[in-house]
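One structure below.
The values are calculated or read from the model by the stated rules, or taken from the named source; none is laboratory data. Please read these numbers as outputs of a predicted model, since none were measured by experiment. Backbone-built Cβ (ideal geometry, glycine too); neighbour counts: all protein chains shown.
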Amino acid sequence: MDLNEIFELAKKKKASDIHIIVGKPPILRINGLLNEITGEKPITPTMSEHLIFKLLNPQQKERLLQEKELDMSVEIADETRFRVNCHYEKDSLGMVARLVPAEIPTLEDIHANEIMHELTKLDNGLVLVTGPTGHGKSTTLAAMIDAINSERSAHIVTLEDPTEFIFKPKKSIIRQRQLGTDMVSFESGLKHILRQDPNIIMVGEMRDLETIGSAITLAETGHLVLATLHTQTAAQTIDRIIDIFPPHQQDQIRIQLSMTLQAVISQRLLPGRGEDGKRVAVREIMLNTPAVANMIRENKISQIKSSIQTSAGEGMLTMDQDIVRAYKGGLIDKETAETHISDPSLVRKL
């Protein structure tokens, strides 16, 4: 099989990811599980280079050979898109491709609660979507951006690596900028973005101090900034942002974050109970209430979890509470709920 055939098969089988690795047949991740493609031979180094280099233009090939890493997007004949990472492993070329659904899901499709709808109506501040790799952060962010696009007249600028979902302007105008082809770095893209008259800015991933600092500053200047981070809880997210700065800047960052942060949505995907095995997102939602802002300023991050637990009336939600909601709503089974709930008292109430 060539890569186009593998891409087509991945789409047909509703795989989330494709793995090309020397020594194994092509592998598809379906409903979270890795499956070798039946009847395909193990990939040799020569086969891997032949498959992957065929995807690349001369500039991309040169960059891969120089940097040993390449992120890009690929579109097959029916406009299905894949987010692709090419890399070297034990001197051999490998690839992981993630399928990006052609249709942007709605907030209802991803079982978002009412507070997530409310966050799309904000005019300024920082909204973070966090979670492990492969747990739907980009999809949630896309659903929020598309809700804004459907309901408001705004100028939305996205900075991505690579571009995943393709937005079609509705009530808003949208500029989608891709790292490497449309900008040199997230830092430089954010540095010049104020000259582009944005209302809403989406940062595909806040990776470093410069990007995080720029995002906070833009949120301070009256823009709504939506971004992702690879953290698993709201408290861990706050710690991660503060800790990335030098000690002499951390008190100032706490003050800025307490003033600009609007919400942290931490999510993960659990196996669904439907016949298709489609995974279901469960979320912890922290809102930056005056009490939470005070905890951030005073470096009492360890108290944030208990504040979330006792603030359901304000729209906050713990991960355990949302797992219970998903179970009672028939989205996940009891065994899955029991496995992932951290509070034993809630397990007994299922």
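Structural remarks
- Residues that are surrounded by fewer than 21 Cβ atoms within 10 Å (Cβ to Cβ) and either of a type in the set (A, V, I, L, M) or in a helix (DSSP H, G or I) (or both) within segment 296-306 comprise R297, I301, S302, Q303, K305, S306, listed in sequence order.
- Condition check for K24: surrounded by fewer than 17 Cβ atoms within 10 Å (Cβ to Cβ), at pLDDT below 95, of a type outside the set (A, V, I, L, M) and not in a helix (DSSP H, G or I): no
- Annotation note: of L64, L70, L126, the sole residue that is crowded, with 19+ Cβ neighbours inside 10 Å, assigned by TED's automatic domain parsing to the domain that holds G329 and in contact with a helix residue (DSSP H, G or I) (Cβ under 9 Å, 6 or more places away or on another chain) is L126.
- N124 meets the stated requirement of being more than 17 Å from the chain's Cα centre (by Cα) and touching a residue at least 12 places away in the same chain (Cβ under 8 Å).
- Looking across segment 111-123, the residues that are surrounded by 18 or more Cβ atoms within 10 Å (Cβ to Cβ) and of a type in the set (A, V, I, L, M) come down to A112, M116, L119.
- Per the listing D71, D91, the residue uniquely modelled with pLDDT of 90 or more, in contact with an Asp or Glu (Cβ under 6 Å, 6 or more places away or on another chain) and over 19 Å from P26 (Cβ atoms) is D71.
- Residues in segment 62-96 that are basic (K, R), touching a Phe, Trp or Tyr at 6+ places or on another chain (Cβ under 6 Å) and at negative phi: none.
- Restricting the search to helices (runs of 4 or more DSSP H) fully inside segment 158-254 and requiring at least 2 residues that are without any contact (Cβ under 8 Å) to a residue 24 or more places away in the chain and farther than 15 Å from G125 by Cα gives 186-191, 234-243.
- Filtered by the rule that a residue be within 22 Å of R177 (Cβ to Cβ), crowded, with 17+ Cβ neighbours inside 10 Å and under 18 Å from the mean Cα position of the chain (by Cα), segment 73-110 gives S73, R81, F82, R83, V84, A97, R98, V100, I104.
- Residues in segment 269-316 that are under 30 Å from Q252 (Cβ atoms) and aliphatic (A, V, I, L, M): I285, M286, L287, A291, V292, A293, M295, I296, I301, I304, I308, M316.
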